[in-house]
Amino acid sequence: MVKFIRLEYLEQFLKNYIREVALPNPENSLTPYILPNIFCLRDLYSDYIKKQNEIQSNIQEEQNEPVSWGKFHEFWNENFKYCKKLNKRTDFCETCCQLRQAIKDNTSPKNQLKAKEELENHLMLAREARNAYNEHLLKTAMEDHKVVLSFDFAESVLLPFLKDTPSSFYFKTRRKVDIFGITDEQIVDRIGNIQTNYIIDEGHRIPKGPESTISMIHHYLTFNVPPDTSLIFYSDNCPGQNKNQYLIGFFVYLVTVLKLYPSIEIFFMIVGHTKFSPDSHFGTIKSLLKRRECQSILQTIGTDGIIRKSAVNNIEIAYKTPNEERPN
Ligand SMILES: [Zn+2]
């Protein structure tokens, strides 16, 4: 029993750590979480020992005793295979890569120290941003009339999407389909957070920019968010689509002129560390796309479509299906 309780503490500690630090991995559904390049299991074990020593609760001493390094290592390997450490080659952040390279290359100790300090500050900022994001998710889960929405564009999909590319495809341009996802970060029981994916066919494409982003956010709010709800938005840093006067102006208009929502806050993720919920949803869609062949946009929509089949918490809205376009 004591052994069981100790492992339960350990499991909770590791789960909390992953929730705070890990990022969703859009590339691989077998390892859906990635850990930062600086991750070290030994350091994590030291943190665990420190935390255990800090706990001054009323639990029996025997139960509070930390597990050995061997057991910790074994437990991690057995239960947390779904987390993969980010290696230097797959690091998404240009700043991190450049600073790491500067630390490695620089012969002058002064410059090396400067690069080290810069990297530490940059990573601290990224960690703080991630903590703020996680805190918002936790808080709003307990509050009514408050929602956290994250939105982003996925990389465009080219259709037909086939496992083996016929040689003739190299001479043709395939149809481009855009996907814009808005995730409601509220966790729904046994489903998770739900993402609405807007599917935009090439013929209806509006260039990615404030006009398209605002149109889809407006559509989403109209049909999904009741008035009098306080909104918190998360997006990446792209100035073309998100961090611009038009989107901010639109939010101000909703709050001060239309008085639809009492408050709207928008947060931008730190450049290079922008992996968040929409990416994990795009990851599940793309992994099904890779396993199944897709001839046209019609196969992505509807209850049997690729979007809904990819995960229960992925739904889609097609701007217009090809059928709707045909004159009756
Ligand atoms: Zn970075």
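Read-outs throughout are calculated quantities, based only on the coordinates presented, and are distinct from any laboratory measurement. In this text, all values refer to a predicted model and were calculated from it rather than measured experimentally. Please note: Cβ atoms are built from the backbone with ideal geometry, for glycine as well, and neighbour counts cover all protein chains shown.
Structure above, values below:
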quantity: Computed label-point distance, nm, for sites Asn224 and Lys243 using a 7 Å Cα→Cβ extension; calculated: 2.4 nm
quantity: For the chain, calculated [θ]222 nm from helices alone, where every DSSP H run of n ≥ 4 adds -39500 (n - 2.57); calculated: -13500 deg cm²/dmol
quantity: Note, ³J(HN,Hα) from phi for the range 233-250, Karplus 6.51, -1.76, 1.60, rounded to Hz, x at Gly and Pro; calculated: 10, 10, 8, 7, 8, 4, x, x, 9, 10, 8, 8, 4, 5, 5, 4, x, 4
quantity: Gap separating the Cα centres of the range 222-284 and the range 111-171, nearest whole Å; calculated: 14 Å
quantity: Inter-site label distance for Asp105 and Leu138 at 7 Å from Cα along Cβ, in nm; calculated: 4.0 nm
quantity: Options Ile270, Gln299, Leu44, ranked by Cα towards positive dipole end of the chain, top entry (Cβ charges); calculated: Gln299
quantity: Most fluctuating residue given options Ile194, Ile248, Ile49, as computed from a GNM of the chain linking Cα atoms under 10 Å; calculated: Ile49
quantity: Of Phe39, Phe267, Phe13, the one that fluctuates the most in a GNM where the chain has Cα springs shorter than 10 Å; calculated: Phe13
quantity: Whichever aspartates and glutamates have a C-alpha closer than 19 Å to that of Lys85, once near sequence neighbours (fewer than 8 apart) are set aside; calculated: Glu11, Glu20, Glu27, Asp43, Asp47, Glu74, Glu94, Glu120, Asp279
quantity: Phi to ³J(HN,Hα) by Karplus 6.51 cos²θ - 1.76 cosθ + 1.60 over the range 110-116, Hz, x for Gly, Pro; calculated: 5, 5, 5, 5, 5, 5, 4
quantity: Contour excess over end-to-end distance, with Cα ends at Ser68 and Leu125 and 0.36 nm allotted per residue; calculated: 17.2 nm
quantity: Estimated vicinal HN-Hα couplings, Hz - the range 152-169 in sequence order (Karplus 6.51, -1.76, 1.60; Gly, Pro = x); calculated: 6, 8, 8, 5, 4, 9, 9, 10, x, 10, 10, 4, 10, 7, x, 4, 5, 5
quantity: Between helix 69-79 and the chain: long-axis angle, C-alpha atoms, 0 to 90°, nearest 10; calculated: 20 degrees
quantity: Helix axis angle, 210-224 relative to the chain longest principal axis, alpha carbon, degrees; calculated: 80 degrees
quantity: Between 0 and 90°, nearest 10: helix 277-291 axis offset from the chain longest Cα axis; calculated: 70 degrees
quantity: Candidates Phe171, Phe180, Phe276, ranked by Gaussian network fluctuation over the chain, Cα under 10 Å, top entry; calculated: Phe171
quantity: Amide H contacts of Ala318 (H built 1.01 Å from N, under 5 Å, at least 5 apart or other chain); calculated: Ile199
quantity: Pairwise Lys count, the range 143-325 - Cα closer than 17 Å, eight or more residues apart or different chains; calculated: 13
quantity: Amide H contacts under 5 Å for Phe233, placed H, 5+ residues apart; calculated: Leu149, Glu265, Ile266, Phe267
quantity: 14 Å beta-carbon shell around Met142, net charge (K/R +1, D/E -1); calculated: -2
quantity: Rounded FRET efficiency, nearest 0.05, which uses the C-beta distance separating Lys116 from Lys208 and R0 of 35 Å; calculated: 0.40
